[in-house]
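The values are calculated or read from the model by the stated rules, or taken from the named source; none is laboratory data. Because the structure is a prediction, the values reported are computed rather than measured. Note: ideal-geometry Cβ built from the backbone for every residue, glycine included; neighbour counts use all protein chains shown. Heads up: the accessible areas ignore ligands, DNA and RNA and are worked out on the full protein's heavy atoms, side chains in. Shrake-Rupley method; radii C 1.70, N 1.55, O 1.52, S 1.80 Å.
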Amino acid sequence: MPTLRSSSSPSSVSSPLQRAAGGGQRGLSASSSSSVSVPYGNRDSGQTSQGDSDSLSADEGSDFEDSLRRSVRKRAARRPLKTTPVAKHPKKGSRMIRGDGQKDSEVPASHLFDAVKAAKSDMQSLVDEWLDSYKQDQDAGFLELINFFIRSCGCKGNVTPEMFKKMSNSEIIRHLTEQFNEDSGDYPLTAPGPSWKKFQGSFCEFVKTLVFQCQYSLLYDGFPMDNLISLLTGLSDSQVRAFRHTSTLAAMKLMTSLVRVALQLSLHKDNNQRQYEAERNKGPGQRAPERLESLLEKRKELQEHQEEIEGMMNALFRGVFVHRYRDVLPEIRAICIEEIGSWMQSYSTSFLTDSYLKYIGWTLHDKHREVRLKCLKALKALYSSRDLTARLELFTSRFKDRMVSMVMDREYDVAVEAVKLLTIILKNMEGVLTDADCEGIYPVVYASHRALASAAGEFLYWKLFYPECETRAEGGRQRRRSPRAQRTFFHLLLSFFVESELHDHAAYLVDSLWDCAGAQLKDWESLTSLLLEKDQSACRVTAGGGGLSPPNLGDVQESTLIEILVSSVRQASEGHPPVGRLTGKKGLTPKERKTQADDKVKLTEHLIPLLPQLLAKFSADAEKVAPLLQLLNHFDLNIYCTRRLEKHLELFLQQLQEVVVKHAEPAVLEAGAHALYLLCNPEFTFFGRVDFARSQLVDLLTDRFQQELEELLQSPFLDEDEVYSLAATLKRLSAFYNAHDLSRWELYEPCYRLLRKAVDTGEVPHQVILPALTLVYFSILWTLSHLSESDASQKQLLSLKGRVVAFCELCQSCLSDVDSDIQEQAFVLLSDLLLVFSPQMILGGRDFLRPLVFFPEATLQSELASFLMDHVFIQPGELGSGHSQEDHVHIEQLHQRRRLLAGFCKLLLYGVLEMDAASDVFKHYNKFYNDYGDIIKETLTRARQIDRSHCSRILLLSLKQLYTELLQEQGPQGLNELPAFGEMRDLARRFALSFGPQQLQNRDLVVALHKEGIRFSLSEPPPAGSSGQPPNLAFLELLSEFSPRLFHQDKQLLLSYLGKGLQRVSQSLDCPWGPVTTYCHSLSPVESTAEASPQGYPRSKKRRTEGPPRRQREDGRPSQEESLQLTSIPPSPTLTSTAVKRGQPRRALGEAEEEGSSEPEHSAQGSQPLSGNQRPRFSSPRRFRTLLHPPGPGLGSRLTRLRLMEEDEDEPEAHGELSEGRRDADKHSSPSEHGLDLLDSTELNLEDF
């Protein structure tokens, strides 16, 4: 499209468009909503001038251009409507207009809207029907189209013929805005539900079809399209979101359709020009003057049509897009960016310029995810075409940095699109991305999000690997990659992984490259040939004379290549990414499963013969042997039988035995034991051979162990070699005992003798004790497994019970060992064994195992708790010798401590240890929240599910223990001013929040907790002859953190209970002791903001009704709300409970919301309740009717009971114990005894509803 023209001649925005037969004026408006006019019929001059003045006054300050007015000759369509046949028979409900203008039937204004909403009818037929109606009555037809767009905005109002004739455009929009109902906030484009799900697509299709069907007729008529554009432009500038959103969508889709029409006109002009030139170049005898004249007339017509289309596009772009691409609504901004991208792609000659590209570049910085996503997708479509990239050079240089930085976008889908865009730029624009730009993208291949990592892997492949390993085509067919190209690929891959030093695990790099370079990564033949290569020269000439091959691998490269081999094998056989990498796929498709099965067969057939060779070559390197042994996990082991590869199985078993005898590293031994376990399947035909090899290996290790053990027992001292040999043998046996049943070798007795000597004499090295403990542990578990499978005799059960008791005694002795590794190992094994032999083992019909149930003694429980305090709840500064350590060391130590804590907590929850021991864990909840908060919180939740009452007592016990410890260290003076006391208050607050929002359910627990806390605070009297406070009195401040969880009535009872307790120490509630004052303040009605409703239902949060504005308060004039209250309620005292509540601290409410409780905010709406110690001057019947009909559900019966209690003046007996006064939720202590007015409490509760 040529440069879009802006209007130059001002015109009245509300002037009528004359539709006379001889011609008319055309007004194309690109103005704001207040300056756009809907066409109306013939008016007199007075109406016209009045409309003009109104519109001009409403248009002040508009930044839209004036409407474009041109005088053009109105033409009928020069060609028949071939693609828009008029329906011979109108559809049901259509508007039929007679020649005299009388209507046969009245069609509802929502006819078009209902048809588009249903999305069941053909859009072309629907538009043809409207065209038929429009041709018979233009006013009625255009009015129906207007009301369709109004109804699509969600507005229930319509533009009536009267409004159509007498009101200006701005007045119509203003009138519709006043009629718009925004109660729900939903409109057709955003409304939920299946009926609206397809509305947007149908709406856009209708607009597209409308333009398509009118492109040879009404599009150039001057009346319908121009004024439709004016209407949409005006609505797009409305403050009503629905108007603005819907009209912007319609205008942008209209613009997109016009761009297509303009493109077709441009093609027609080019064809016409070629035909004209060809005809003019003919000889004088062959030239046809009529043909030339016809082509000239046709070119003139096409030129006029193109100018008209450009004017429409100019109005839409300047009137809608320029203002709405920066709209506050992200959906509108996204629509604008999506459509301008389609314009640039379809009509690049006009729109793919820097003046339009800048809008996409600016919007790349948009704060909303969807808008940034639309920008990137639009740019991807543009950069994908090599023909368009030449026009994007300036834009790329200007916004390249922003596109590169979006790789790190916080939204994963945006980052994925950014990486894909940069990949396309890398392919189609050479040299644009510098090395610095690429280095910012390389680390993304290790991202946890798989889609992002895969996109970065594709970028890496095209940047580093493809130029060197490009597959060339010969004779139109792709040939197989040469071995040299494959070797080059793996050398480049190794270089990138080793030299970049971005990550420690190649499995994530393999997964990132799997989608784009899976064929190369599955070339296991090249991988194994590189690993088995024996030539150690730096480089050598290739066999084909193709130059020098890459140098051989070093030690680090060999280890990395083995990891790549194992990762590619695992990826091909399992089909899921590594641990920690997220993927959105739920499963594999049938095609993917077939490919996975085929790959598994291929890799098994290839690697079975080569695995013994690989093990033989790298048998001395534990770091390389361990992953090679893991290859067996991904084999189809049946191939050993079906392909008759038993000889390779024999070679593998020999290499496995050599590896096990040679190494003592846990990773190698575990991999070897698991590989042998996979082969020891009785279903395999070769099971006999594998079982014989296993027996040989265990016999060898057992004989060596017996021999070395005798030497240790007979000789008090062993040299280092002997100790290492014995420890290595025990480690090998322990690893195999974990995966295989070695009970027939009877390893329990010799290992127990070894451990007994270690405990009794302390002469056994700790390197030997650790695997010996594990061996005994596995021996007990395998014995239990045998007894559980069949009915065991009583003798066998008692024998196993004796072993369990003896082993627990050994582990208990090891808890006090000087070596921390032995202590931790003993604790882990002991906690697991106690859990296995807990009362849970008899469940599931295994009551015959009841004699094996083992309960630890009190001394063992105490030592377990002490171990936890010494090894888990320690500050980071206490670790090691105080020297700085690496981050991974700290992480490993933290992981080990978390493992120890989890084992202890499981013992608590399964009833092995006394639940009171949980106080040693709970009291560290706040201090170690960052390290163990999730474990302690889960333990607290499970403990509450087991016994709510006991759990609340444990929480209080934790606070008591901390308080007592602090009291013993610091003394009673100034205790509540210490930082440690502040930490205790934070812990108490966290405990209080753990009760959650179910306050009625926890009512008894919280009251009992307060009651026990009060007794503890007053349990010790003040020193004799001293006027000081009791030493435990400061505990009341901790107790005050639980006060927001109390009901108002319970607070009054607790105040009475506290007063009785203080009387025993010769004090009263008015005593000057600070803790008493703080606690009483927490129990006063002022602190009742966190109370729950009497029924225990969660209340809806209500907006707090603020007092009168400052200006009104200063003038002394009450607000309208207060004046209404004065008509029915007498004036309240100056100090009311509502006024006090407004000034209360927000801490308790904020913390309650943090825990998810729905704490109500009190409202001053309706009436102002009296404070707790004030009675109303009178109670009118009208007031009581208000109380008996609360807005909340299910409150009537409760409030009725409260009112009956108000009328009842009988006072119950004094409460000796708090539990007697709280026996029923609706029966409370008397107002005279506790200073509580039940009517006042009712009002206080009511204001929350």
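Points to keep in mind about this one:
- Test: residue in region 978-991 that is closer than 19 Å to Ser958 by Cβ, out of contact with any strand residue (DSSP E or B) (no Cβ under 8 Å at 6 or more places or on another chain) and outside any helix (DSSP H, G or I): yes
- Cβ separations smaller than 6 Å between residues 6+ apart or across chains give the following pairs from region 322-339 residues that are more than 9 Å from Thr248 (Cβ to Cβ) and touching a residue at least 12 places away in the same chain (Cβ under 8 Å) to residues that are in a loop (DSSP other than H, G, I, E, B) and open to solvent by less than 20 Å² (accessible area, probe 1.4 Å): Arg333/Asp327.
- Annotation for region 214-232: no member residue is of a type outside the set (A, V, I, L, M), assigned to a helix (DSSP H, G or I) and closer than 23 Å to Ala334 by Cβ.
- The set of residues from region 360-369 being part of a helix (DSSP H, G or I) and surrounded by fewer than 18 Cβ atoms within 10 Å (Cβ to Cβ) comprises Gly361, Trp362, Arg369.
- Looking only at region 159-173, and only at residues there that are buried (at least 19 other Cβ atoms within 10 Å of the Cβ) and assigned to a loop (DSSP other than H, G, I, E, B), the one that is modelled with the highest pLDDT: Val159
- Among the residues making up region 681-699, those that are open to solvent by 60 Å² or more (accessible area, probe 1.4 Å), farther than 16 Å from Pro750 by Cα and not aromatic (Phe, Trp, Tyr) are Pro682, Glu683, Thr685, Arg689, Gln696.
- Just one of the numbered conditions (1) over 22 Å from Gly762 (Cβ atoms); (2) without any contact (Cβ under 8 Å) to a residue 60 or more places away in the chain is not true of Ser725: (1).
- In region 848-873, the residues that are within 12 Å of Ala917 (Cα to Cα) form no Cβ pair under 6 Å with any partner that is hydroxyl-bearing (Ser, Thr, Tyr) and open to solvent by 10 Å² or more (accessible area, probe 1.4 Å), whether six or more places apart or across chains.
- Residues considered: Ala616, Ala620. Of these, the only one that is in contact (Cβ under 8 Å) with a residue 12 or more places away in the chain, open to solvent by 80 Å² or more (accessible area, probe 1.4 Å) and either part of a helix (DSSP H, G or I) or more than 23 Å from Leu678 (Cβ to Cβ) (or both) is Ala620.
- The residue of region 499-525 that is least open to solvent (accessible area, probe 1.4 Å), among those that are in a loop (DSSP other than H, G, I, E, B) and in contact with a Phe, Trp or Tyr (Cβ under 7 Å, 6 or more places away or on another chain), is His503.
- Ala671 vs. criteria open to solvent by 10 Å² or more (accessible area, probe 1.4 Å), of a type in the set (Gly, Ala, Ser) and in contact (Cβ under 8 Å) with a residue 60 or more places away in the chain: no
- Filtering region 592-613 to residues that are surrounded by 19 or more Cβ atoms within 10 Å (Cβ to Cβ) and among the charged types (D, E, K, R) leaves Asp599, Lys600.
- Residues within region 185-211 that are open to solvent by less than 60 Å² (accessible area, probe 1.4 Å), in a helix (DSSP H, G or I) and within 13 Å of Leu249 (Cα to Cα), tallied: 7
- One residue alone among Leu316, Leu292 is open to solvent by less than 30 Å² (accessible area, probe 1.4 Å), closer than 20 Å to Ser266 by Cα and either free of Cβ contacts under 8 Å to residues at least 40 places away in the same chain or assigned to a loop (DSSP other than H, G, I, E, B) (or both), and that residue is Leu292.
- Test for Leu955: is it open to solvent by less than 50 Å² (accessible area, probe 1.4 Å) and free of Cβ contacts under 8 Å to residues at least 24 places away in the same chain: no
- A count restricted to region 384-399 and to residues that are farther than 19 Å from Ser355 by Cβ and either of a type in the set (Lys, Arg) or in a helix (DSSP H, G or I) (or both) stands at 2.
- Residue check, Gln571 under 22 Å from Tyr446 (Cα atoms), modelled with pLDDT of 75 or more, in a helix (DSSP H, G or I) and under 29 Å from the mean Cα position of the chain (by Cα): yes
- Inclusion of Glu182 among residues that are part of a helix (DSSP H, G or I) and either modelled with pLDDT of 85 or more or out of contact with any strand residue (DSSP E or B) (no Cβ under 9 Å at 6 or more places or on another chain) (or both) is not warranted.
- Of the helices (runs of 4 or more DSSP H) lying entirely inside region 76-152, the ones with 2 or more residues being closer than 27 Å to Arg241 by Cα and either modelled with pLDDT of 85 or more or open to solvent by 30 Å² or more (accessible area, probe 1.4 Å) (or both) are found at 111-118, 138-152.
- Residue within region 778-792 that is β-branched (Val, Ile, Thr), outside any loop (DSSP other than H, G, I, E, B) and under 52 Å from the mean Cα position of the chain (by Cα) present: yes
- Checked against the criteria, Phe705 counts as surrounded by 18 or more Cβ atoms within 10 Å (Cβ to Cβ), over 20 Å from Val569 (Cα atoms) and of a type in the set (Phe, Trp, Tyr).
- Pairs are defined by a Cβ separation below 7 Å, a sequence spacing of at least 6 or placement on different chains, a first member in region 576-605 that is of a type in the set (Ser, Thr, Tyr), and a second member that is not in a helix (DSSP H, G or I); the pairs so defined are Thr583/Pro577; Thr604/Phe635; Thr604/Asp636.
- Residues satisfying the stated conditions in region 958-974, i.e. open to solvent by 40 Å² or more (accessible area, probe 1.4 Å) and not in a helix (DSSP H, G or I): Pro972, Gln973
- Yes/no for Gln273 being among the polar types (S, T, N, Q), open to solvent by 30 Å² or more (accessible area, probe 1.4 Å), at pLDDT below 90 and assigned to a helix (DSSP H, G or I): yes
- For beta carbons closer than 9 Å, sequence separation of 6+ or different chains, a first residue in region 997-1015 that is in contact (Cβ under 8 Å) with a residue 60 or more places away in the chain and of a type in the set (D, E, K, R) and a second that is crowded, with 19+ Cβ neighbours inside 10 Å and not in a helix (DSSP H, G or I), the qualifying pairs are Arg1003/Leu1046; Arg1003/Phe1047; Arg1003/Ala1092; Arg1003/Arg1222; Asp1004/Arg1222.
- Consider region 235-253 and keep the residues that are out of contact with any Gly (no Cβ under 9 Å at 6 or more places or on another chain) and in a helix (DSSP H, G or I). The one that is surrounded by the fewest Cβ atoms within 10 Å (Cβ to Cβ) is Lys253.
- Test: residue in region 1061-1074 that is at pLDDT below 85 and under 19 Å from Arg948 (Cβ atoms): no
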